[in-house]
Amino acid sequence: MITCKAAVAEEAKKELVVKEVTVGPPQAGEVRVKILYTGVCHTDEYTRSGLDPEGLFPSILGHEGAGIVESIGEGVTSLEVGDHVVPLYIPQCRDCEFCNSSKTNLCGKIRSTQGIGVMPDGTPRFKDKDGNELYHFMGTSTFCQYTVCPEISLAKVNKEAPLDKICLLGCGITTGYGAVINTLKIEEGSTVAVIGLGGVGLAAIMGAHKSKASKIIAVDINPGKFERAILFGATDTLNPLEQKGKEMSELIFEMTDGVGVDYSIECVGTPHLMKQSFLSTKPNGGASCVIGVAAAGQTIDLSSEEVMGREWTGSAFGGTKSRDQVPELVDDYMKGDIKVDEFITHNFPLDDINDAFHAMHEGKCIRAIVKMFDDE
Ligand code: NAD
Ligand code: AHE
Ligand code: ZN
């Protein structure tokens, strides 16, 4: 048993509480990881704020971390103590129907237990100092100095890579970039609209730029986001609030000589924007991707006429085959082929983790990195 610090989500809507917890040893097929750094994604806020129908409390949130293997459970063969790892909220067992399909990255092996906040054997590894059990989150719980993950939920990465940067490959960057590269597979010369310019949207722009899109329209209602979007490769910007009375799709049609874009990607999490994003694409051959996570019970309404002629898809973790491709992305970063440092706008110690959530709400933050230990 390890006693360490964690940011505990005690109740929905409440600030996280940094306190001592205990972390049990890894059981068969599990690995205990010392988390050195974690990012904060909007999905952590989605669950903290009570919008997630699967949200469980008290729990330890966080799914954008990086760390070092501290100990391994019985039967673990692919990792050893000292390996550098990125925890994965979408595992890759390499064995199930979905892992064996080139059409999806959504491994089905442990989804049922991950979704109810426990390890595959049905029990949690976290307790508070009074011995009360704490739920896991997304199979990762990176807001704890030590976490326990199934072996299939860890990507082994290059030890030379800085953990305070590559933690972001655990979600936001991989998601936006992958949605363009793996899910939409956009072609050179395409026109693209990216709606929402947080970490996910900027990564989608990075993917579109890498794919040599001819026009990349960056959309946000916060004009402070445009400068960085241009740095990432956006060719045009759009703030729909500046042109009242017109829907976003109408404005995007005006910006594309009345034909719409080849591809659009929603990176906000609002059903109305998902519809507008879809309707911004060419009625004859356009394709749209939903990345944003909408609140429980919200749905998107579309007529059959609107759907015909267009393609619609969703993307989780950028369609990334996690254990195979996250190490490749780390290597791409080390070679300078993808940006990571440019996403980081804030740094906080674990004790101030709530400030990372405040910064997200203030609209000035792309990604905040939380340092889990003071002395390392
Ligand atoms: P973020 O909060 O950093 O960025 C969201 C951006 O949307 C902000 O720049 C904000 O100004 C902008 N925005 C808000 N309302 C808008 C509007 N009406 N029109 C245009 N822009 C608007 O969030 P993030 O971390 O980049 O995540 C974005 C979304 O993606 C969230 O819903 C998150 O839960 C989801 N997400 C999904 C996956 C996945 O695998 N599908 C992975 C990561 C994040
Ligand atoms: N309850 C979900 C959280 C909401 C959700 O849909 N999460 C997306 C990824 S968002 C990452 O920032 C997801 O694909 N989750 C994996 C899954 O299997 O649902 C959750 O993940 O617990
Ligand atoms: Zn995320």
remark   = When (1) without any contact (Cβ under 8 Å) to a residue 40 or more places away in the chain; (2) in contact with a helix residue (DSSP H, G or I) (Cβ under 9 Å, 6 or more places away or on another chain); (3) more than 16 Å from ligand 2 (Cβ to nearest atom) are applied to LYS282, the one that fails is (2)
query = For segment 17-44, what are the residues that are under 24 Å from ALA296 (Cα atoms) and either open to solvent by 10 Å² or more (accessible area, probe 1.4 Å) or modelled with pLDDT under 95 (or both)?
reply = HIS42, THR43
note = Of the residues in segment 1-16 that are open to solvent by 40 Å² or more (accessible area, probe 1.4 Å) and assigned to a strand (DSSP E or B), the one that is farthest from ALA359 (Cα to Cα) is THR3
query = Which residue, of ALA296, ALA287, is in contact (Cβ under 8 Å) with a residue 60 or more places away in the chain, closer than 30 Å to GLY50 by Cα and aliphatic (A, V, I, L, M)?
reply = ALA296
query = Would you say PRO223 is open to solvent by 20 Å² or more (accessible area, probe 1.4 Å), in contact (Cβ under 8 Å) with a residue 12 or more places away in the chain, within 22 Å of HIS42 (Cβ to Cβ) and more than 20 Å from the chain's Cα centre (by Cα)?
reply = yes
ask   = Of LEU197, LEU154, LEU184, LEU202, which residue is in the same structural domain as CYS96 (by TED's automatic domain parsing) and of a type outside the set (Ser, Thr, Tyr)?
value = LEU154
inquiry  = Suppose the filter is buried (at least 19 other Cβ atoms within 10 Å of the Cβ) and of a type in the set (S, T, N, Q); does GLN92 pass it?
reply    = yes
request  = Tell me the helices (runs of 4 or more DSSP H) entirely within segment 142-230 that contain at least 3 residues that are closer than 30 Å to ASP375 by Cβ and not β-branched (Val, Ile, Thr).
outcome  = 163-166
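The values are calculated or read from the model by the stated rules, or taken from the named source; none is laboratory data. This structure is a prediction, so every number in the text was calculated from the model and none was measured. When we count neighbours, we look across all protein chains shown, and the Cβ atoms used for this are built from the backbone with ideal geometry, even at glycine. For the accessible areas, the whole protein counts, side chains as well, though only heavy atoms, and no ligand, DNA or RNA atoms are used. Shrake-Rupley method; radii C 1.70, N 1.55, O 1.52, S 1.80 Å.
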